[in-house]
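Report on one structure; see the data block that follows.
The values are calculated or read from the model by the stated rules, or taken from the named source; none is laboratory data. Being a predicted model, the structure only gives us computed values, none of them experimental. All accessible areas refer to the heavy atoms of the entire protein, side chains included, with ligands and DNA or RNA removed. Shrake-Rupley method; radii C 1.70, N 1.55, O 1.52, S 1.80 Å.
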Amino acid sequence: MKNRRIRKAWILLSLLLVLFTAQGCGKSDKVADGTYQVDLTMEGGTGKAGIASPVTVTVKDGKAEATLVWSSTHYDYMLVNDKKYENEAKAGENSTFTIPIEGLTCDMEVVGDTTAMSKPHEIEYTLHFKEK
């Protein structure tokens with residue numbers, strides 16, 4: 001029980017630290033339409049799966065979308081801002097998702113659902129996008 005409280009306290013402290021230091025994705029970022037390569041790092045999960053970097057970001061009519069390719073075939077959906085995005089990959093290919101982002105340099109909280117374990121699990125991640 002004590003370990004659980006300590007873990008919860010560390011998680012809360014980490015989240016507060018992210019809130020106060022994260023750059024966030026700002027809609028004020030004005031980015032010209034086009035295709036960009038953006039570096040991506042991530043936190044969360046077990047570290048067994050990751051997302052290929054750099055990430056391709058397409059901006060059209062001022063709206064940016066990142067194409068994320070996981071190192072695993074076992075992600076069936078992602079949740080971004082409470083909206084569900086389905087895996088776009090063909091059977092046997094690494095899980096791929098196209099999600100909206102609000103800038104080429106930003107931090108985002110997302111959830112990935114993996115089926116690699118005995119039952120599906122939603123796992124929280126923080127994605128850190130950084131323009132090259």
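Observations on the model:
- Across segment 82-132, the mean sequence separation of Cα contacts (distance under 8 Å, 6 or more residues apart), normalised by length, yields a relative contact order of 28 percent.
- Stretchable slack from residue 32 to residue 46, in nm (0.36 nm times residue separation minus alpha-carbon distance): 1.4 nm
- Extension gain (nm, one decimal) between residue 56 and residue 123, 0.36 nm per residue minus Cα-Cα: 21.8 nm
- Accessible surface for segment 21-132, divided over its residues, is 58 Å² per residue with a 1.4 Å probe.
- Fraction of accessible area attributable to carbon and sulfur, segment 29-90 (%, probe 1.4 Å): 47 percent
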